[in-house]
Amino acid sequence: MLGKRLLGKQGLEVSTVGLGCMGMSQSYGPADEAEAIATIHRALDLGVTLFDTAEVYGPYTNEELLGRALKGQRERVIVATKFGMKIEDGKMVGVNSRPKHLKQAVEGSLRRLGMDHIDLLYQHRIDPDVPIEDTVGAMSDLVHEGKVRFLGLSEAGEANIRRAHATFPITALQSEYSLWERNLEPRLIGVLRELGIGLVPFSPLGRGFLTGTARRAEDYPKDDFRHDDPRLQGENYDANMRAAQVVAEIARHKGVKPGQIALAWVLHRGADIVPIPGTKRRTYLEENVAAASITLSVDEIAALDAALPANVVAGARYNEARMAAVDR
């Protein structure tokens, strides 16, 4: 059974590993609702309590799926969702964190989830047209109304984190972080610890690279998130696969899967870090949960750090349009 961690210093206790639900709604290939719901139920059996979704996943259908799967289990789970995307005709066309829109978005999330409150509400991306104080102020109104328990930010930079936290205590930052993507290390992790904010890394398995299962971008369907991933394209793919070999070598030595080594590395970075590996299949879920019991030696951690330092990965995290939405 999974252990628990305190996510930051605001009192939110969650399972050591959470479950990212985005891929259950066609972001990474065809959806299989029956298997997705079975995966959520298996997560509950294994002690997972943190389930992560967003209005834009689907859009909207992921929250509905999670709500159906968790019906009757509300007291056992911590549900996190995100607002802040402008959605038109079923597609994300920008950001919108204006207070009026924010409150409408949360009402929609509550309706789709079939719940009377959200445990952890994130601003999905910083809206450059709305002062963070206005957004967080409106989010805090929802806390006072009992519709939200804790507040978070996603892909926010230092200045906005500090301004947000000064407005109302921020519990968690959700951002990409892994042995593969270490952009938070030079500055942001220190800022989070200074302020008592937990870190929830998404894509802790490097979008498949660290598990050894990633294919070239062109091998994925055009509606698959990975089809436009610069790190899966051309020479970048070849260079990155070579760099990830050390993960596979350590996994072979320990008799575990490469992805489990990658997750264990993230978990070793601090007790205030709770990764949310995404999967839509029970098999991978069980592997991810088992990673919490893997201990890495000082030498193994040093070998991983040396093989995949921040400047080794070839290619940008996202395409140009997606990178523009990341606040740094």
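Observations on the model:
- Arg328-Asp134 pseudo-label distance in nm [points 7 Å out on the Cα-to-Cβ vector]: 2.7 nm
- Semi-axis lengths, largest first, of the ellipsoid equivalent to region 222-275 are 25, 17, 10 Å, with √(5λ) applied to each eigenvalue of the Cα gyration tensor.
- Cross-link partners for Lys86 among the aspartates and glutamates, with Cα-Cα distance under 18 Å and sequence neighbours closer than 8 places in the same chain left out: Glu55, Glu63, Glu107, Asp127, Asp129, Asp134, Glu155, Asp327.
- Debye, to nearest 20: dipole size of the chain, +1 on Lys, Arg Cβ, -1 on Asp, Glu Cβ: 420 debye
- Summing charges over neighbours of Gly90, with a neighbour being any other residue whose Cβ is under 13 Å away from its Cβ, gives -2 when K and R count +1 and D and E count -1.
- Rounded to whole numbers, the Karplus 3J(HN,Hα) couplings from phi for region 8-24 are x, 10, 9, x, 8, 9, 9, 5, 4, 10, x, 10, x, 9, 3, x, 6 Hz, using 6.51 cos²θ - 1.76 cosθ + 1.60 with θ = phi - 60°, and x at Gly and Pro.
- Whole-Hz Karplus values for region 231-243 come out as 6, 9, 9, x, 5, 4, 4, 4, 5, 6, 5, 5, 5 Hz, taken residue by residue from phi with 6.51 cos²θ - 1.76 cosθ + 1.60 and θ = phi - 60°; glycine and proline positions read x.
- Added length on full extension, which subtracts the Cα-Cα distance from 0.36 nm per residue, Glu320 to Ala34: 99.4 nm
- Theoretical gain in end-to-end length, Glu194 to Gln233 [0.36 nm per residue, Cα-Cα removed]: 10.3 nm
- Sequence-distant lysines (8 or more away, or on other chains) whose Cα lies within less than 25 Å of Lys280: Lys4, Lys71, Lys82, Lys91, Lys222, Lys257
- With q set to 0.07, 0.14 Å⁻¹, the log10 of I(q)/I(0) for the chain, from the Debye formula over equal scatterers at the Cα positions, is -0.25, -1.13.
- Using θ = phi - 60° and Karplus 6.51 cos²θ - 1.76 cosθ + 1.60, couplings along region 37-45 (whole Hz; Gly, Pro as x): 5, 4, 5, 4, 5, 5, 4, 4, 4
- Distance from the C-alpha centroid of region 182-211 to that of region 250-313: 13 Å, rounded to the whole angstrom.
- Helical content alone sets the calculated 222 nm signal of the chain at -11000 deg cm²/dmol, taking -39,500 (n - 2.57) per DSSP H segment of four or more residues and averaging over every residue.
- Amide H contacts under 5 Å for Asp229: none, restricted to partners 5 or more places along the chain or on a different chain, H placed in the peptide plane at 1.01 Å from N.
- For Asp119, net neighbour charge (Lys/Arg +1, Asp/Glu -1) across residues whose Cβ lies under 13 Å away: +1
- Shape analysis of region 230-328 yields a ratio of the Cα radius of gyration to the Kirkwood radius, Rg/Rh, of 0.99.
- For the options Val77, Val298, Val312, a Gaussian network treatment of the chain with springs between C-alpha atoms closer than 10 Å singles out Val298 as fluctuating the most.
- Where only C-alpha atoms are counted, convex hull volume of region 42-196 per residue in Å³: 130 Å³
- Here is the size of region 105-244 from its Cα atoms: Rg then Dmax, 17.9, 52 Å.
Each reported figure results from applying straightforward, stated rules to the coordinates on display, with no laboratory input. Please read these numbers as outputs of a predicted model, since none were measured by experiment. So basically every Cβ, Gly included, is an ideal-geometry build from the backbone, and we count neighbours across all protein chains shown.
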